[in-house]
1. Using a simple spin-label model with points 7 Å from Cα along the Cα→Cβ vector, what separation in nm is obtained for Arg185 and Asp170?
2. Go ahead and estimate [θ] at 222 nm for the chain from helices alone: -39,500 (n - 2.57) per DSSP H run with n ≥ 4, summed, over the residue count, rounded to 500.
3. In whole percent, how big is the carbon plus sulfur part of the accessible area of the range 1-87, probe 1.4 Å, protein atoms only?
4. Multiply the residue gap between Asp196 and Glu123 by 0.36 nm, knock off their C-alpha separation, and tell me the result in nm, one decimal place.
5. Please report, in debye to the nearest 20, how large the charge dipole of the range 1-84 is about its Cα centre when each Lys and Arg carries +1 at its beta carbon and each Asp and Glu carries -1 there.
6. Work out, step by step, the length gained on full extension between Ala54 and Ala67: first 0.36 nm times the residue separation, then minus their alpha carbon distance; give nm to one decimal.
7. In debye, nearest 20, what is the charge dipole magnitude of the chain about its Cα centre with +1 on Lys and Arg Cβ and -1 on Asp and Glu Cβ, if you could check?
8. Could you provide, to the nearest whole Å², the per residue accessible area of the chain with probe 1.4 Å?
Amino acid sequence: MTVWVSLEGPNGVGKTRLAHRLAQRLGDGCVLLEEISDLRGDGLPPTLVGALAAGGDPFLRGASPLARTLVLLALKTRAYEQARCSGAVVVLEDRGVDTVAAYQAAVLAGTGAPPELLHREMERVYATVSAFRPLPDLTLLLLDDPAVCARRYSLRTGRPMDAGERALSDCATALYRHRAEHEPRRFRVVDRRGLDEDAVVDRLARAVVEATNEEEDLPCPTGT
């Protein structure tokens, strides 16, 4: 049985670096799916991502936000269909449908919308994608101090996070937290404040092992 794990969190939380370290820790039984924005090469998915990013917005915002949401969900459904028969013990997805639900709800409703409207938009995104693929078995939600996340984002992109991007990231973080509170069995929240990278990877790996209930099939999360 393959366990589908999604690694989520606000921009600048260090998620992609930790995703690669976690995949290495889990070993050959783990398949890592790159974040949508990192897709390169020929073929339909990179072409669609290129079209979404054509305006230069790293958050893939632009005209027709509902159509953009459907394209993102279609890409996530395709990733599921391709990886579900891989034979992997764990499929680790660097940003999955939870990211689409959180960020696109904030885009569709507006970052200043009342919480009930944001939550309703988020539920609509989940309901749409659930008609085509299941949600992850386990969602690892990484959190950190927002100011630290903003600094990491700046170092990675070479420019500071502007006010609109910060508002979007903060709104998405609140929506992640809301969903985690309502789905405590699926979500594991890892706040990395005060932890070094090794300790964070240990916690993430342990959560994956616990989710599989088959510790003999995965490396020890405290190993090197």
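1. 3.5
2. Value at 222 nm, helices only, nearest 500: -17000 deg cm²/dmol.
3. Details: 2350 of 4300 Å².
The computed percentage sits at 55.
4. Here the answer is 22.8 nm.
5. It works out to roughly 160 debye.
6. Numbers: separation 13, 0.36 × 13 = 4.68 nm, distance 1.49 nm.
Extra length available between Ala54 and Ala67 comes to 3.2 nm.
7. That gives a dipole near 560 debye.
8. For the chain, the solvent-accessible area averages 48 Å² per residue.
The values are calculated or read from the model by the stated rules, or taken from the named source; none is laboratory data. Keep in mind that what you see is a predicted model, and the values were worked out from it rather than measured. Cβ sites come from the backbone with ideal geometry, for glycine too, and all protein chains shown count toward neighbours. Accessible surface is based on the protein model in full, side chains and every heavy atom, while ligands, DNA and RNA are left aside. Shrake-Rupley method; radii C 1.70, N 1.55, O 1.52, S 1.80 Å.
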